[in-house]
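Below is one structure, written out as structure tokens, with a few remarks after it.
The values are calculated or read from the model by the stated rules, or taken from the named source; none is laboratory data. What you see is a predicted model; the values in this text were computed from it and never measured. Backbone-built Cβ (ideal geometry, glycine too); neighbour counts: all protein chains shown. Side chains are part of the model used for accessible areas, which takes the heavy atoms of the whole protein and leaves out ligands, DNA and RNA. Shrake-Rupley method; radii C 1.70, N 1.55, O 1.52, S 1.80 Å.
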Amino acid sequence: MSFLKGMRKMTVQIKHFTNDFMKVTQMAALHTYSWIGRGNKIEADRAGTNAMRNVLNQLPIASTVVIGEGEMDEAPMLYIGEELGAGKELKVDLAVDPIEGTTLVSKGMHGALAVLAVAPKGTLLHAPDMYMKKIACGKKAKGAICLEDSLKDNMHRVAKALGKQVNELTVMIQDRPRHQQWIDDVHEEGARVKLFSEVDITGVLATSIEQCEVDLFIGIGGAPEGVIAAVAQKGFNGDFQGQLLPQTEQEYERCLQMGVSDPKHIWLLDEIVKSEDCLFSATGVTEGIILDGVKQINEKKEMQTHSLIVSQNHIQFIVGNHEEEGLEIYEQTSKIG
């Protein structure tokens, strides 16, 4: 009896395909490895995208990309509306970024990831690739953030929820001129700023991983990354809010065409991700604060990956070892929540 035939007697859920979706990000990371430090972010992105597409097309599911990467930077991409998969038993929405941090890959710098978020069909925010204003915190401060309010007001509420003084907080912010006022606000409150160069998904995740010692994230970055990070926060039972920031009349019209009737709406976590049956998978491409990068581990050219899987009641770091063709030979897992 096939796996899917056996599953018909029970509800087929995304969590039943956890290893399959993890393989998607593992393969994207592995196929990008040879492009690390070679100065060609387009080819690095293409390698990760092609690997991700190939694995998704082999899975016994029917998936639709509802928010993807590439429109803003004309990079290789999994297209919004693209349908992938070789089955019909499970219908899902995908939010993808085959390589988050292509510039980091091309320069051999730390922090690049391959990421994927999955939820039942019709339950992920369907929005174009544009800027999004975001704020996030971990589960202990859930309900304390509001994107309408100032950063200082948010800091005070988060500090109260965590039982800290405001000057004991650490706020993670991407190092960009557009964020300077927020950086100044944190310093005026006597709190710490943790700056990073790329990959704001990492900033959101850091609020939910205690070892990172980050209490709050705020920033303006890509909407695809916002949706993907929101799925992770759902699994962590953390909090996230986002607001699309169309920069032109064309971007505003694009929102309307895609069914976003109020492009300036502030999206709460449960509006971005409308189902508890969702999954986030990330695999490190280059070394980062949360995940290790892809490594060659012996003279046989066997490779090692480090992944994070987040779904409801299932949060694990996974070390995978792979032969040349990408076949896993064993895994080591470490549950963190």
Q.
Checking a compactness column here: for segment 70-182, what do you get for Rg(Cα) / (2.2 N^0.38 Å), N being the number of residues?
A. 1.38
(Q) Per residue, how much accessible surface does segment 175-257 expose to a 1.4 Å probe? Answer in Å², no decimals. (A) 41
Q | Semi-axis lengths (Å, descending) of the ellipsoid that matches the C-alpha gyration tensor of segment 103-262 | A | 25, 18, 17
Q) Taking the Cα centre of the chain as the origin, how large is its charge dipole in debye, to the nearest 20, when only Lys and Arg (+1) and Asp and Glu (-1) carry charge on their Cβ atoms? A) 900
Q.
How large a share of the accessible area of the chain, in percent, is made up of carbon and sulfur atoms when the probe is 1.4 Å and the other protein chains stay in place?
A. 45
Q | Potential extension, Glu276-Asp184 segment - 0.36 nm per residue separation minus Cα distance | A | 29.4 nm
(Q) At a 10 angstrom cut-off on C-beta neighbours, averaged per residue, how do the peptides 269-277, 28-36, 186-194 rank from highest to lowest? (A) 28-36, 269-277, 186-194
Q) Tell me, in nm to one decimal, what length is gained between Ile266 and Arg176 on full extension, where the rule is 0.36 nm per residue of separation less the Cα-Cα distance? A) 30.2 nm
Q | Acute angle (nearest 10 degrees) that the helix 151-162 long axis makes with the longest principal axis of the chain, alpha-carbon atoms | A | 70
Q.
Test of the criteria: in segment 204-249, which GluC sites (Glu not before Pro) are in a DSSP loop and have at most 15 other Cβ atoms within 10 angstrom of their Cβ?
A. Glu213
Q: With a ≥ b ≥ c taken as the square roots of the eigenvalues of the C-alpha gyration tensor of segment 260-315, please select rounded if a/c is under 1.5 and otherwise prolate if a/b is larger than b/c or oblate if it is not?
A: prolate
Q.
Apply the a/c threshold of 1.5 to the C-alpha gyration tensor of segment 127-181 and tell me whether it is rounded, prolate or oblate.
A. prolate
Q: Go ahead and set up a Gaussian network model of the chain, Cα springs under 10 Å, then flag whichever of Gln316, Gln13, Gln181 fluctuates most.
A: Gln181
Q) Between His126 and Glu253, what FRET efficiency comes out of the Förster formula 1/(1 + (r/R0)^6) with R0 = 22 Å and r the beta carbon distance, rounded to 0.05? A) 0.90
Q. Antiparallel DSSP bridges in the chain: what percent, to the nearest 5?
A. 80
